[in-house]
Amino acid sequence: MKQNVLQNIVKPLLEWYDKNARILPWRDNPSPYRVWISEVMLQQTRVDTVIPYFERFLYELPTVKALAEVDDEKLLKLWEGLGYYSRARNLKKAAQQIMRDYNGVFPSDVSELLKLSGVGSYTAGAVASIAFGVKAPAIDGNVLRVITRITAFDGDITEREIKSQIKKWVEAILPEGKAGQFNQSLMELGAIVCIPNGVPKCDECPVRNDCSGHHMGIAEQFPIKEKKAPRKIENKTVFVIVSDDKVALRQRPPKGLLSGLWELPNTDRNLSDNECNTVLNNFHLDVMNITPLKNAKHIFTHIEWHMKGYLIEAKPEPDCGFNWAGLTDLTNKYTLPSAFKMYIEAFNIYLTKRSINQL
Ligand code: SF4
């Protein structure tokens, strides 16, 4: 059986990890809280991006208790730019569960960790093994790639049974007392040697002697994934409405995509010039000038926003319901999704040009 070869990778992989593990801020003190926060931040996000977020988050919220008690605005501000904001909300809910149900003490058992909000099989395995030394597998995309390449296993990794099969293989080889290090060594190999979307660096790989994918010259074919459904395209018209040195914001609904975050006013389709005028009238604005902006695109997991934008110079009428934010408010107070980054930049450029013209 191809998976029998996996027993051979344990020793060389642990030795390689010992010498080659990257120095990362969550690795020098792998407390359950630090491991948990880092693992949640690292989902869908690159290590380089996560490092400053992790350090700021731990500085502001150093304990489970501090996270359980943080107000939502501050939490979202700490998360701003990482995306997938439900992850941040689930962290707070889970912290509240730990305070309420576990007397503030992080559970070490996988089955208890799985009861925490937002904690799935991967995160539970990572926290249990890395922070507590429990013999639990932690199967993320990196691990799936490494294992399917080593075994040249052609099961579709999007299928639950295939994932669970691979999980059992890894579970069977977890070394006593070193489960956390072994899990991390597999993830690390996948992150820096057996890389995705490119040619794996087999010449640098400590397990190449036992890698079927490498020997057969077909490593890049793995893992097998069924074709994803194409993303849904949503067209939008975004308004950068400025009055004096402030920009208009409104809050998104409490449920759904980017729920509760602040946004630039926008509509759910591309509008003609006439339709824009109607919308602006409905916003209760006294419009003085309209300037078209460049189109922008933002990609979410299943949706793409294709946006056209306008810079609107206007005076709000008394019944205009927007919040008005200056640059400092945008930095310190309001959390906006990065989808609007280019149009916030347009506001910034507008302010710079205006202050030059006033000199
Ligand atoms: Fe990946 Fe190549 Fe190492 Fe196999 S030998 S695990 S394909 S890097």
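The values are calculated or read from the model by the stated rules, or taken from the named source; none is laboratory data. Everything numeric here is computed off the predicted structure, so don't read it as measured data. So basically every Cβ, Gly included, is an ideal-geometry build from the backbone, and we count neighbours across all protein chains shown. Heavy atoms of the whole protein, side chains included, go into the accessibility calculation; ligands, DNA and RNA do not. Shrake-Rupley method; radii C 1.70, N 1.55, O 1.52, S 1.80 Å.
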Original post:
Among (1) without any contact (Cβ under 8 Å) to a residue 60 or more places away in the chain; (2) surrounded by 13 or more Cβ atoms within 10 Å (Cβ to Cβ); (3) in a helix (DSSP H, G or I), where does CYS194 come up short?
Top reply: (3)
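Let's see how each residue does on (1) within 16 Å of the ligand (Cβ to nearest atom); (2) aliphatic (A, V, I, L, M):
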position	(1), (2)
GLU204	yes, no
ILE218	yes, yes
ASP273	no, no
ASN281	no, no
GLU313	no, no
Subject >> Number of the condition not met by ILE290 [criteria: (1) open to solvent by 70 Å² or more (accessible area, probe 1.4 Å); (2) in a strand (DSSP E or B)] >> reply: (1)
**OP:** Determine the pairs where a residue that is at negative phi and touching a residue at least 12 places away in the same chain (Cβ under 8 Å), located within region 198-210, has a partner that is open to solvent by 40 Å² or more (accessible area, probe 1.4 Å) and near the ligand (Cβ under 8 Å from one of its atoms) with Cβ atoms under 6 Å apart, the partner being 6 or more residues away or on another chain.
**Re:** CYS202/ARG208; CYS202/HIS214
Subject >> Qualifying position, being at pLDDT 95 or above and within 14 Å of the ligand (Cβ to nearest atom), among ASN197, ASN235, ASN209, ASN183 >> reply: ASN209
Subject >> Which listed residue, of LYS246, LYS178, LYS227, is among the charged types (D, E, K, R) and modelled with pLDDT under 95 >> reply: LYS227
Original post:
Could you list, in sequence order, the residues of region 293-323 that are more than 19 Å from ASP268 (Cβ to Cβ), in contact with a Lys or Arg (Cβ under 9 Å, 6 or more places away or on another chain) and open to solvent by less than 60 Å² (accessible area, probe 1.4 Å)?
Top reply: ASN323
Original post:
Restricted to region 220-230, and to residues that are open to solvent by 100 Å² or more (accessible area, probe 1.4 Å) and more than 16 Å from the ligand (Cβ to nearest atom), which residue is nearest to ARG145 (Cα to Cα)?
Top reply: LYS225
Original post:
within 30 Å of GLN44 (Cα to Cα), charged (D, E, K, R) and in contact with a strand residue (DSSP E or B) (Cβ under 7 Å, 6 or more places away or on another chain) - does that describe any residue in region 271-289?
Top reply: no
Original post:
PRO137 passes all but one of (1) free of Cβ contacts under 8 Å to residues at least 60 places away in the same chain; (2) assigned to a helix (DSSP H, G or I); which number fails?
Top reply: (2)
Original post:
Which one of these is buried (at least 20 other Cβ atoms within 10 Å of the Cβ), near the ligand (Cβ under 10 Å from one of its atoms) and at pLDDT 95 or above: THR148, THR123?
Top reply: THR148
**OP:** Have a look at LYS115, LYS163 and point out the one that is away from the ligand (no atom under 15 Å from the Cβ), under 29 Å from GLN96 (Cβ atoms) and of a type in the set (Lys, Arg).
**Re:** LYS115
**OP:** Those residues that are open to solvent by less than 30 Å² (accessible area, probe 1.4 Å) and not hydrophobic (A, V, I, L, M, F, W, C), I need them from region 61-103; list them, please.
**Re:** LYS77, GLY83, TYR85, ARG87
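Here is a list: GLY217, GLY260, GLY177. Which entry is touching a residue at least 40 places away in the same chain (Cβ under 8 Å) and either in a helix (DSSP H, G or I) or open to solvent by 60 Å² or more (accessible area, probe 1.4 Å) (or both)?
Exactly one of GLY217, GLY260, GLY177 is touching a residue at least 40 places away in the same chain (Cβ under 8 Å) and either in a helix (DSSP H, G or I) or open to solvent by 60 Å² or more (accessible area, probe 1.4 Å) (or both), namely GLY177.
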**OP:** Could you check how many residues of region 1-60 are of a type outside the set (Lys, Arg), open to solvent by 70 Å² or more (accessible area, probe 1.4 Å) and in a loop (DSSP other than H, G, I, E, B)?
**Re:** 5
